[in-house]
Amino acid sequence: MTQLSSNDNASATYTCGKNEHKKQNINLNLTWQQASDKQGDVRQHTGNQFYNANVAYALNLVPRQMTISVSFNGTLNNGVNLHSKTFGPTTAINKSFFDKKLRATFSTSCNNTYTNGALVNSIVNARLNGNITVHKKHNISLSMAMVNRKSKTGEHSNSFTDYTGTLGYNYTFGMK
C-alpha cells in the first residue's frame, strides 16, 4: 500500500498605505492538502482533502505605538464519510507603553465547527498578554486566557469555560 500526499501553499501581502503616521496591510494565506491511498496501481476509496484560508487586515498607528488587526479564518476538511468546516473572526489590539518597555495585547476570536452540516462546536476565547522589560536583562510576562466551548454530539450538549493565567520571568545573560 502506498499513501499519496500533495499540498500547496500560497501567501500574499499587500501594503495599502504607509506613511510616518500609519501603516496598513492586507494578508492572504491559502493552504490545500490532499492525501489518498493506492494499493498496487489501484486507488482506494480513501483519502482526505484539507483547505484553509485566512485573510487579515492590520492598521499600525505609528505615533501611538498601536496595531489593530482583524482576520477571518476558514477550514474545510473532506473525508470519505466526514465533511467538516470551521470558520470565524479574530480581532486583536497590540499597544506599547513606556518607550516600548511594556507591550500589551488583547485578542478575541470565535469559531464554529460544523460536521456533516450540523453545528458541533462553538468556541469563544479572549486573551490578554503583557510583557515588560526592566534594565534590558529582566523580562516579566503575564498572560490570561478565557475559553468558552459549547459542544453538541447527537442529543447531548456540553459547555464549559476555562480560565488560565501564566506569570513568567526571564533573565538574559550576556557577555560584554
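The values are calculated or read from the model by the stated rules, or taken from the named source; none is laboratory data. Computed from a predicted structure; not experimentally measured. Every residue, glycine among them, receives a Cβ derived from its backbone with ideal geometry; neighbour counts consider all protein chains shown. All accessible areas refer to the heavy atoms of the entire protein, side chains included, with ligands and DNA or RNA removed. Shrake-Rupley method; radii C 1.70, N 1.55, O 1.52, S 1.80 Å.
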Subset tally (residues that are open to solvent by 60 Å² or more (accessible area, probe 1.4 Å) and modelled with pLDDT under 95) for segment 98-113
5
Among (1) open to solvent by less than 60 Å² (accessible area, probe 1.4 Å); (2) among the basic types (Lys, Arg); (3) within 15 Å of the chain's Cα centre (by Cα), where does residue 95 come up short?
(3)
Regarding residue 102, is this residue closer than 30 Å to residue 63 by Cα and aliphatic (A, V, I, L, M)?
yes
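In segment 166-176, which residue that is open to solvent by 60 Å² or more (accessible area, probe 1.4 Å) and of a type outside the set (A, V, I, L, M, F, W, C) is farthest from residue 109 (Cα to Cα)?
Ranking the candidates gives 176 first.
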For segment 54-73, what are the residues that are over 17 Å from the mean Cα position of the chain (by Cα) and under 20 Å from residue 98 (Cβ atoms)?
60, 61, 62, 63, 64, 65, 66
Quick one: is residue 75 within 30 Å of residue 120 (Cα to Cα), surrounded by 15 or more Cβ atoms within 10 Å (Cβ to Cβ) and modelled with pLDDT of 90 or more?
yes
Could you say which residue among 116, 81 is closer than 28 Å to residue 50 by Cα, free of Cβ contacts under 8 Å to residues at least 12 places away in the same chain and either hydroxyl-bearing (Ser, Thr, Tyr) or loosely packed, with under 12 Cβ neighbours inside 10 Å (or both)?
81
Based on this model, can you work out whether residue 36 counts as open to solvent by less than 60 Å² (accessible area, probe 1.4 Å), at pLDDT 90 or above and either in a strand (DSSP E or B) or out of contact with any Cys (no Cβ under 7 Å at 6 or more places or on another chain) (or both)?
no
Return the total of residues in segment 83-137 being over 20 Å from residue 169 (Cβ atoms) and part of a loop (DSSP other than H, G, I, E, B).
3
Test for residue 142: is it closer than 27 Å to residue 59 by Cβ and surrounded by 10 or more Cβ atoms within 10 Å (Cβ to Cβ):
yes
Out of the residues in segment 98-120 that are over 30 Å from residue 137 (Cα atoms) and polar (S, T, N, Q), which is nearest to the chain's Cα centre (by Cα)?
109
Collect the residues in segment 150-161 that are open to solvent by 80 Å² or more (accessible area, probe 1.4 Å) and touching a strand residue (DSSP E or B) at 6+ places or on another chain (Cβ under 8 Å), keeping them in residue-number order.
150, 152, 153, 157, 158, 160
If we keep just the residues of segment 58-72 that are touching a residue at least 40 places away in the same chain (Cβ under 8 Å) and open to solvent by 50 Å² or more (accessible area, probe 1.4 Å), which is farthest from residue 23 (Cα to Cα)?
63
